[in-house]
Every structure is written in structure tokens, then in C-alpha cells.
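**Student:** Can you keep this structure in mind? I'll have questions shortly.
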Amino acid sequence: MKILVTGAAGLVGSHVVRRLAQGHEVLALEHGDLDISDRAAVRRCLFDEKPALIFHCAMLQVDDSERLPAQAQAVNVAGPAFLAEAANDIGAEIVHFSTQYAFDGEPVGRLPYTIHDEPNPLNVYGRTKVGGEGAVFAACPRSFVVRTSWVYGSGKNSFLCTVHDDLRAGRKVRAIDDIWSSTTYVGDLIDRVMTIRATGRYGTYHVVNNGICSYYEFALEAGHVLGLTRAQIDLVIEITHERDMKRVAVRPRYTPLRCLLSEQLGLPPMRDWRAALAEYVGSGSME
Ligand SMILES: NC(=O)c1ccc[n+]([C@@H]2O[C@H](COP(=O)([O-])OP(=O)(O)OC[C@H]3O[C@@H](n4cnc5c(N)ncnc54)[C@H](OP(=O)(O)O)[C@@H]3O)[C@@H](O)[C@H]2O)c1
């Protein structure tokens with residue numbers, strides 16, 4: 001199958017490219033290769049290449065979206081709309097990634113969010129990502145919208161991706177203990193999305209590893225997997241709070257996800273977040 005990947009230099013996109021290269025013809029497009037907010041360029045590219053499947057992984061990140069709302073609209077709403085419209089015209093399917101930031105995360109301790117919960121995003125990123133979901137479905141009925149959360153894997157400089165390396169090296173780590181979400185190992189995400197695609201059941205999916213944790217609990221578990229004692233871990237992890245981070249965009253506090261469509265399809269639950277993290281840490285992040 002010919003698969004076109006947008007955002008191919010990003011966390012999810014780079015892993016999609018590597019993981020699907022065996023068995024598929026993968027066209028990896030980085031930002032410099034295709035600006036998804038350019039409708040004419042998107043149409044030219046898709047009509048020339050005629051992929052059977054589009055893995056749309058490009059996005060404008062959370063704080064950038066808050067600072068640059070017009071650009072967020074262009075990248076997170078118009079871009080997906082252009083891709084889905086062109087996908088529809090060439091008879092392709094599209095996988096469009098979205099986010100737990102569709103939800104407001106209140107109250108802490110609530111049941112995991114399903115597709116029956118109304119989105120109520122707190123920031124520009126969340127609002128534009130929800131806008132992108134609607135735009136994709138409106139333009140292409142052959143769409144899989146995949147909401148995921150706190151994705152980690154090799155190649156990105158983010159807390160979840162690098163905390164185990166910091167702990168291993170004895171570097172100080174600041175870990176937030178008052179927001180919680182589902183976490184997602186990028187390999188598990190891609191494998192599950194390919195399983196879902198093979199069913200041909202279009203719709204909105206919540207694809208995350210089972211369970212919920214805070215950043216702090218994630219760091220503790222990474223230390224545990226590394227074989228560090230609690231005393232060793234406590235020496236390097238400094239607990240911090242979301243309210244002290246002074247970030248540009250406000251984050252929802254409690255956003256576990258549950259996938260009703262996967263349950264209806266009879267797919268087994270995704271593995272527990274601890275098992276996924278253990279594999280990632282054990283892989284030496286070479287995956
Ligand atoms: N990572 C997470 O924890 C997480 C959680 C929930 C949902 N998601 C969703 O998962 C998907 C992939 O996220 P990710 O973490 O892989 O993102 P990422 O690492 O930030 O990668 C996004 C890529 O999109 C590119 N991009 C930005 N504007 C573009 C444009 N106009 N045209 C083409 N490419 C453009 C960026 O390139 P430049 O940097 O060169 O601009 C970057 O390489 C997104 O839909 C995101 O909303 C991610």
C-alpha cells in the first residue's frame with residue numbers, strides 16, 4: 001500500500017515512517033516538503049502521488065497555537081481539511097490524529113472520556129484540533145480520527161520521552177504531580193491504528209495505553225524500571241505543580257481516555273502504561 005505521511009520529522013510521523021516502511025511504500029513528507037496549510041500544494045501532491053492512505057501527523061504545538069492562533073487555525077483546521085478533501089477526491093483513506101485536549105479535564109477523578117463526552121477544550125490548540133476533527137469528517141467519509149494522549153518514544157526532546165535518560169544519568173528532573181492523563185507509547189499507537197484501519201470501521205477512536213498517571217508518577221515508574229531505589233529517585237526528582245509552570249496555554253487537569261469503538265470491534269485492551277514504559281526504557285530508546 002502507498003502511504004503518505006505528513007509531519008514526518010515529528011514524533012509520531014517519524015515513527016510511522018520507520019514502522020510502516022517494511023511492507024509498504026511510504027512517502028515521508030516533512031514541513032519543508034509540503035506545507036499542509038497550502039491548499040494548492042496539498043492537492044498537487046496528493047493528485048501526483050495518489051496514496052491509498054494518508055497518515056496526517058503534522059500539527060502546531062500547544063503553546064505555539066496559543067501564541068499564534070491564526071497559524072493554529074491554518075495548520076490544525078485548514079490543513080487537515082485540505083488533506084481530507086484531496087483524499088476524498090483521489091479515493092484515499094485518512095488517519096487524522098487528535099488529542100485529549102479536546103476535553104476540559106474536570107473534575108479530577110472522573111470516568112475516562114469516551115466519544116459520548118462533549119468536547120470542551122480549554123486552549124487554542126484544543127479548539128483547533130477539535131475543529132480539525134470536524135473538518136476531516138466533513139470532507140472525507142473514509143476518515144479515522146485518532147485522539148491520543150501524552151505520546152512518547154525516541155527522538156523527541158520532551159519530558160515523557162527523555163525522563164528515563166535523565167534519571168539514568170543522575171540529572172535533576174522537575175516532575176509535575178497535579179495533572180494526569182493516559183500515556184501512549186508511540187509503537188503501540190501505530191500498531192493499534194493499523195489494526196483499526198484494517199477493520200474499515202471509520203470513526204473517532206481514543207488510542208492510549210491502559211491506566212492513568214501524572215508526570216511525577218511516570219517518572220517514578222521510569223526510575224523503578226531502571227532499578228533505582230526510592231531514595232535514589234527522590235534525590236533527583238523535584239516535584240513541581242502545573243500552576244507554577246507559567247506556561248503560555250492552560251492544560252486540562254485530568255484526561256484519561258477510553259475507546260468505545262475499539263471495544264465494539266472486540267479489540268483487546270491496550271497494554272498497561274507500565275508495561276509499555278518498561279519496554280521503552282528497556283529498549284535504550286533505540287526503537
Ligand atoms: N505528542 C503528543 O503527546 C500528542 C498527544 C496528543 C495528540 N497528539 C497528536 O499527534 C499528532 C502528531 O504529534 P507529534 O507529537 O508527532 O507532533 P510533533 O512532534 O510536534 O510534529 C509535528 C510536525 O508537524 C510539522 N508541521 C508544523 N506545521 C506544519 C505545516 N504547516 N505543514 C507541514 N508540517 C507542519 C512540524 O514541523 P516543524 O517543526 O518543522 O514546523 C513537526 O515536524 C498531532 O496531530 C498531535 O495533535 C500528540
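**Student:** Give me the strands (runs of 3 or more DSSP E) completely within the stretch 1-91, filtered to those with at least 1 residues that are in contact (Cβ under 8 Å) with a residue 24 or more places away in the chain and open to solvent by 70 Å² or more (accessible area, probe 1.4 Å), ordered by residue number.
**Tutor:** Correct list: 25-29.
**Student:** Within the stretch 156-207, can you find the residues that are of a type in the set (Lys, Arg) and within 21 Å of Arg243 (Cβ to Cβ)?
**Tutor:** Scanning the stretch 156-207 gives Lys172, Arg174.
**Student:** Out of the stretch 201-210, which residues are open to solvent by less than 40 Å² (accessible area, probe 1.4 Å) and touching a Lys or Arg at 6+ places or on another chain (Cβ under 9 Å)?
**Tutor:** If we filter the stretch 201-210 for residues that are open to solvent by less than 40 Å² (accessible area, probe 1.4 Å), which is where we start, we get 203-209.
Once the filter is applied, which keeps residues that are open to solvent by less than 40 Å² (accessible area, probe 1.4 Å) and touching a Lys or Arg at 6+ places or on another chain (Cβ under 9 Å), the stretch 201-210 yields Thr204, Tyr205, His206, Val207, Val208, Asn209.
**Student:** Let me confirm something: among His31, His56, His15, which residue is in contact with a His (Cβ under 6 Å, 6 or more places away or on another chain) and within 12 Å of the ligand (Cβ to nearest atom)?
**Tutor:** Values: His31 fails: in contact with a His (Cβ under 6 Å, 6 or more places away or on another chain); His15 fails: in contact with a His (Cβ under 6 Å, 6 or more places away or on another chain).
One residue alone meets the criteria, His56.
**Student:** What pairs can you find where one residue is in the stretch 110-134 and in contact (Cβ under 8 Å) with a residue 60 or more places away in the chain and basic (Lys, Arg), the other is away from the ligand (no atom under 13 Å from the Cβ) and outside any loop (DSSP other than H, G, I, E, B), and their Cβ atoms are less than 8 Å apart, with a gap of 6+ or different chains?
**Tutor:** Arg110/Tyr254
**Student:** Hey, could you check the stretch 92-102 for residues that are small (Gly, Ala, Ser) and outside any helix (DSSP H, G or I) and say which is farthest from the ligand (Cβ to nearest atom)? Can you show your working first?
**Tutor:** Taking the stretch 92-102 and keeping what is small (Gly, Ala, Ser), we get 92, 98, 102.
This time we only want the ones that are outside any helix (DSSP H, G or I), so: 92, 98.
Working: Ala92: 18, Ser98: 6 Å.
In this case the residue turns out to be Ala92.
The values are calculated or read from the model by the stated rules, or taken from the named source; none is laboratory data. Just so you know, these numbers come straight off a predicted model, no measurement behind them. Here Cβ is always computed from backbone atoms with ideal geometry, including for glycine, and neighbour counts include all displayed protein chains. Please note that ligands, DNA and RNA were not included when accessible areas were found on the heavy atoms of the full protein model with its side chains. Shrake-Rupley method; radii C 1.70, N 1.55, O 1.52, S 1.80 Å.
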